[in-house]
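Just below is one structure, and these are the notes that go with it.
No lab work stands behind these numbers, since they all come straight from the coordinates. Bear in mind that the values here come from a model prediction, so they are computed numbers and not experimental data. So basically every Cβ, Gly included, is an ideal-geometry build from the backbone, and we count neighbours across all protein chains shown.
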Amino acid sequence: MSGFSKGLDKVEVALRWDPSPFGAPAHDLDVIAAVYTASDPYGSPAYLVHFDSRSPDGTVYLSRDSTTGMGFGDDEVLTLEFARQPEAHARIVVGVVIQQRPGRLVFADVANAEVHIREGYRELASDDFSSVAESTAATVAEFVRTPGGAWELRPAVRGFDLDPDAFTAAMGARTV
Ligand SMILES: [Ca+2]
């Protein structure tokens, strides 16, 4: 890769939340990444990465996973290696979904949910989901390859009222 802009190298999207009250069903949030190619950047993802699905090239992976939010610090962490992204990749959208069981859960129901996007020790963006409190899922970041080849972060907190399967189909759509 050449050019003057260094761009992003290795970025973490870290999600944390507090467990549901004692005796209540667990709150399970999932970080999901959708990888799009230059030929279809707003259409169908080339692949998805989440707790049950790994990227075939190993450049986007979940390094921490939780089904309860228990424990200190980050509960789920997605790592994106931009320096190693295949040339065909043009855009990666990262979202967070709340598993909808046994009933409908929105971000307002989940205590202290926060997402932090960082490169090394440098925080690039963060959000507490307060702007999408009544949503069941939200996009939190859009990473785009610029014409010069460098990857850029565009914060993209946007709420959806969809279940996880429907969200993964809709999360990459172009915003109007
Ligand atoms: Ca989870």
(message) Quick check for me: using +1 on Lys/Arg Cβ and -1 on Asp/Glu Cβ, what's the dipole size of the chain about its Cα centre, in debye to the nearest 20?
(response) 480 debye
(message) At 7 Å along Cα-to-Cβ for each site, give me the label-to-label distance between Glu87 and Ala38 in nm.
(response) 0.7 nm
(request) Sort the chain into rounded, prolate or oblate with this rule: let a ≥ b ≥ c be the square roots of the eigenvalues of the Cα gyration tensor; rounded if a/c is under 1.5, and if a/c is not under 1.5, prolate when a/b is larger than b/c, oblate otherwise. (result) prolate
(request) Only helical DSSP H runs with n ≥ 4 go in: add -39500 (n - 2.57) per run for the chain, normalise by residue count and round the 222 nm mean residue ellipticity to 500 deg cm²/dmol. (result) -1000 deg cm²/dmol
(message) Apply the Karplus curve 6.51 cos²θ - 1.76 cosθ + 1.60, θ = phi - 60°, to the phi angles in segment 14-21 and return the couplings in whole Hz, x for Gly and Pro.
(response) 10, 10, 9, 7, 8, x, 5, x
(request) Quote the FRET efficiency, to the nearest 0.05, computed for Arg122 versus Phe72 with a Förster distance R0 of 30 Å and r equal to the Cβ-Cβ distance. (result) 0.85
(request) About the Cα centre of segment 1-91, how large is the charge dipole given +1 on each Lys and Arg Cβ and -1 on each Asp and Glu Cβ? Please answer in debye to the nearest 20. (result) 280 debye
(request) Using θ = phi - 60° and the Karplus relation 6.51 cos²θ - 1.76 cosθ + 1.60, list the HN-Hα couplings for segment 133-149 in order, rounded to whole Hz, with x at every Gly or Pro. (result) 4, 9, 9, 9, 7, 7, 7, 10, 7, 10, 10, 10, 7, 7, x, x, x
(message) I'd like the distance separating the alpha-carbon centroids of segment 72-102 and segment 24-58, in whole Å.
(response) 6 Å
(message) Restricting to DSSP loop positions (anything but H, G, I, E, B) with no more than 13 other Cβ atoms inside 10 Å of their own Cβ, which GluC sites (Glu not before Pro) remain in segment 1-106?
(response) Glu87
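Quick one: net charge around Val115, please, counting Lys, Arg +1 and Asp, Glu -1 for every other residue with C-beta under 10 Å from its C-beta.
Surrounding charge for Val115 is -4.
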(message) Please compute the contact order of the chain in relative form: average sequence separation of alpha-carbon pairs under 8 Å and at least six residues apart, divided by the residue count, as a percent.
(response) 28 percent
